[in-house]
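Q: Before we start, here is the structure in question, set down as structure tokens.
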Amino acid sequence: MRNWMRTATVVGGLCLAGAASAQVANTPEIEKKLREIGQTFTRETVGQTMALYKPLHAADLPAGITKLADQVYGPDERNRLDVYLPKGADGTQPIVTFAHGGGFVRGDKAEVANVCAWLASKGIVAVCWSYRFAPKAVYPSGVEDLNHVIDWIQKNPDLHKGDANHIVIAGNSAGAMHVLDWTLSGQDHAKSGVLGAIVISPPTVNLTQAPLDPQRDALYYGADPKALSERSIINRLDKSTLPMLIAYGEFDLAQVQDSVRQLANGLYKRDGHMPLLEAVPGHTHISIVEHFGTDDTAFGDDLVGYVHLLSLRAGQAK
């Protein structure tokens, strides 16, 4: 857990983690190319980044890992999840659910298979899940789908072989927003088994500060100003105090970095202290997820450490 415990300083309202142990340096050729790409976000740069990492993702599962594919967790054809079971799973391992990105209109659980396989290699039961897309499915469909995922976990202990009382929900980009929307939905989480959330590169915590992308965000959240204000995460921070780790890339999208700034500031005002916040050195909006399963383990180690910390605290609270 060495990395997530880095000393953080507040700079202009944004909490920047120290980069002393930045392990993107373990992949120097990739580090150089990521710096060249920087914050440029186009089809071309996304493709370039994916091409850097795909050869590094193992074609086969790590030794001892078992995959339970395409489990039906809800009524829609996209309500499917994959479970990655660590070697020796016996009902005591924590569970991490992971929601992919894709701007609310695209993506698939297969795109974050590297994340779930890596988590399983570290002794965590990992659940990658696909969800419904806009415009067919609109807010709060992500919350509804995540409720179904959690319900599936609670009802199927013999399949996932994890501890359903030690669940951590996680996601990146649009998936991170589904995690935030679930966390701050106002519903009672007491019996869900969820101990905390990991939010990676959330793009839209404030839906009213600028026009939403009509091809993505607006299709999911809508266009009514009153509804957008009510649906904005930044206006719903009083709905839950569930523990949260927030992460973003050094070269993440400007929109994401501003969203993280607003979220961190809002949580600071609510709690009187900064949330756990990690700037992942050297990484972009895409590579912050793609680097899982490579020699670059800085953020992966932090994520695993946070999951075990939540489990430790839950055990101590009994």
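Any read-out appearing in this document is the output of simple, stated calculations on the displayed coordinates, not a laboratory observation. If you're wondering where the values come from, they're calculated on a predicted model, not measured in any experiment. Cβ: placed from backbone, ideal geometry, glycine included. Neighbour counts: every protein chain shown.
Q: Using θ = phi - 60° and the Karplus form 6.51 cos²θ - 1.76 cosθ + 1.60, what ³J(HN,Hα) does each residue of the stretch 252-257 get, whole Hz, x for Gly and Pro?
A: Karplus-based 3J(HN,Hα) across the stretch 252-257 equals 5, 4, 4, 4, 5, 4 Hz.
Q: Still on this model: Taking the Cα centre of the chain as origin, work out the dipole magnitude from +1 charges on Lys and Arg Cβ and -1 charges on Asp and Glu Cβ, in debye rounded to 20.
A: Details: 29 positive and 34 negative charges, 88 e Å.
The dipole of the chain has a size of about 420 debye.
Q: Enumerate the whole-percent occupancy of each 5 Å bin, from 0 to the last occupied one, for all C-alpha pair distances of the stretch 266-318.
A: It works out to 4, 15, 19, 16, 20, 15, 8, 3, in whole percents.
Q: Follow-up. I want the antiparallel fraction of DSSP beta bridges within the chain, as a percent rounded to 5.
A: Details: 13 of 39 bridges.
Expressed as a percentage, antiparallel bridges in the chain total about 35.
Q: Give me Rg over Rh for the chain, both radii from the alpha carbons and Rh done the Kirkwood way, two decimal places. List each step's numbers first, then the result.
A: Numbers: Rg = 18.2 Å, Rh = 19.5 Å.
That ratio equals 0.93.
Q: Quick one: if you take sqrt(5λ) for each eigenvalue of the C-alpha gyration tensor of the stretch 40-184, what semi-axes come out, biggest first, whole angstrom?
A: Three semi-axes, in Å: 24, 21, 12.
Q: Determine which lysines satisfy two conditions relative to LYS54: a Cα distance under 22 Å, and not lying fewer than 8 residues away in the same chain.
A: LYS32, LYS33, LYS67, LYS109, LYS122
Q: Give the peptides 160-167, 149-156, 310-317, 87-94 in descending order of average Cβ contacts within 10 Å, highest first.
A: Those peptides, ordered most packed to least, come out 160-167, 149-156, 87-94, 310-317.
Q: Quote the Stokes-Einstein diffusion coefficient, in whole µm² s⁻¹, for the stretch 252-295, based on the Kirkwood radius over alpha carbon pairs, a temperature of 20 °C and a viscosity of 1.002 mPa s.
A: Working: Rh = 11.9 Å.
Approximately 181 µm²/s, per Stokes-Einstein.
Q: What is the Cα centroid distance between the stretch 267-292 and the stretch 156-178, reported in whole angstrom?
A: About 19 Å separates the Cα centre of the stretch 267-292 from the one of the stretch 156-178.
Q: Separate question: Work out the length of the dipole vector of the stretch 236-286 about its Cα centre, built from +1 on the beta-carbon of each Lys and Arg and -1 on the beta-carbon of each Asp and Glu, and round it to the nearest 20 debye.
A: Numbers: 5 positive and 6 negative charges, 55 e Å.
Value, rounded to 20: 260 debye.
Q: Enter the per residue convex hull volume of the stretch 101-237, computed from alpha-carbon coordinates, in Å³ rounded to the nearest integer. Walk me through the numbers on the way to the answer.
A: Details: hull volume 14.5 nm³, N = 137.
With only Cα atoms used, the stretch 101-237 gives 105 Å³ per residue.
Q: If you don't mind, there's one more thing I want to ask. Would you compute, from DSSP H runs of 4+ residues alone, the mean residue ellipticity of the chain at 222 nm, taking -39500 (n - 2.57) per run and dividing by the full residue count, rounded to the nearest 500? Could you put the intermediate results ahead of the total?
A: Working: 11 runs with 113 residues, N = 318.
When only DSSP H runs of four or more count, the value is -10500 deg cm²/dmol.
Q: Now a separate question. In straight Cα distance, which aspartates and glutamates are under 19 Å from LYS161, not counting same-chain residues fewer than 8 positions off?
A: Straight-line reach from LYS161, under 19 Å: ASP70, ASP82, ASP90, ASP151.
Q: Hey, another quick one. Would you be so kind as to identify which of THR42, ALA137, PRO86 lies farthest towards the positive end of the dipole of the stretch 16-148, taking Lys and Arg as +1 and Asp and Glu as -1 on Cβ and the Cα centre as origin?
A: Selected residue: THR42.
Q: In terms of the ratio Rg/(2.2 N^0.38 Å) built on C-alpha atoms, what value belongs to the stretch 151-205? Spell out each step's value before the answer.
A: Working: Rg = 12.2 Å, N = 55, 2.2 N^0.38 = 10.1 Å.
The value comes to 1.21.
Q: If we sort 66-78, 171-183, 97-109, 195-207 on the protection proxy, mean other Cβ atoms within 10 Å, highest first, what's the order?
A: Packing order, densest peptide first, comes out as 171-183, 195-207, 97-109, 66-78.
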